[in-house]
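As structure tokens, the structure follows; a few thoughts come after it.
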């Protein structure tokens with residue numbers, strides 16, 4: 001409950017145009033932080049934050065089993081005078097060959113106007129070099145990283161910040177980060193007339209019984 005209160009306060013700051021001097025982040029970046037980062041991309045937390053900010057659900061939540069189980073829910077919202085869409089969902093990839101099961105949460109914020117300032121701000125925020133860049137229009141950036149000390153959704157930890165860093169090159173350390181749920185992916189799509197920021201959190205692997 002305290003965590004939700006923190007999210008609501010941040011959401012009000014985004015939606016109150018010019019009402020507080022502390023609001024300096026460009027719109028897409030601000031929305032991305034509140035709806036995706038502060039919620040840990042957890043679908044239930046994203047839903048609470050978006051609906052508290054006045055988001056309107058587009059269509060009923062959907063699910064598919066192909067090519068693997070996925071769920072998604074999306075909302076329309078206005079943030080910083082920009083019309084946006086927020087979506088959240090889950091993905092479950094079953095074990096394939098020697099690869100273990102992989103479950104992940106996803107959160108995406110899309111804007112329909114130029115968001116160059118936000119894209120630059122998010123690139124600075126993530127703090128690791130992109131794993132992939134496609135040149136042209138639109139430009140796609142993909143980042144893979146790990147977080148140490150990630151905040152737990154539902155618990156407030158004041159004055160505490162997760163540390164983002166590149167994924168370990170050592171396979172044992174990399175596999176350990178994946179198993180412990182410390183790995184994340186960020187994709188940014190930048191066009192002249194719109195942008196998208198998507199965050200994925202790869203969850204800790206189930207403990208074998």
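The values are calculated or read from the model by the stated rules, or taken from the named source; none is laboratory data. Please read all numbers here as calculations on a predicted model, not as lab measurements. Note: ideal-geometry Cβ built from the backbone for every residue, glycine included; neighbour counts use all protein chains shown.
When residue 100 is tested against the conditions (1) surrounded by 14 or more Cβ atoms within 10 Å (Cβ to Cβ); (2) in contact with a strand residue (DSSP E or B) (Cβ under 7 Å, 6 or more places away or on another chain), the lone failure is (2). Exactly one residue out of 119, 133 is in contact with a strand residue (DSSP E or B) (Cβ under 9 Å, 6 or more places away or on another chain), under 28 Å from residue 174 (Cα atoms) and in contact (Cβ under 8 Å) with a residue 40 or more places away in the chain: that is 119. Under the condition of being touching a residue at least 24 places away in the same chain (Cβ under 8 Å), crowded, with 19+ Cβ neighbours inside 10 Å and closer than 23 Å to residue 146 by Cα, the residues counted in the stretch 71-97 number 2. The strands (runs of 3 or more DSSP E) found entirely in the stretch 41-157 that carry 2 or more residues being farther than 19 Å from residue 27 by Cα, at pLDDT 90 or above and under 16 Å from the mean Cα position of the chain (by Cα) are 70-79, 82-93, 102-111, 139-148.
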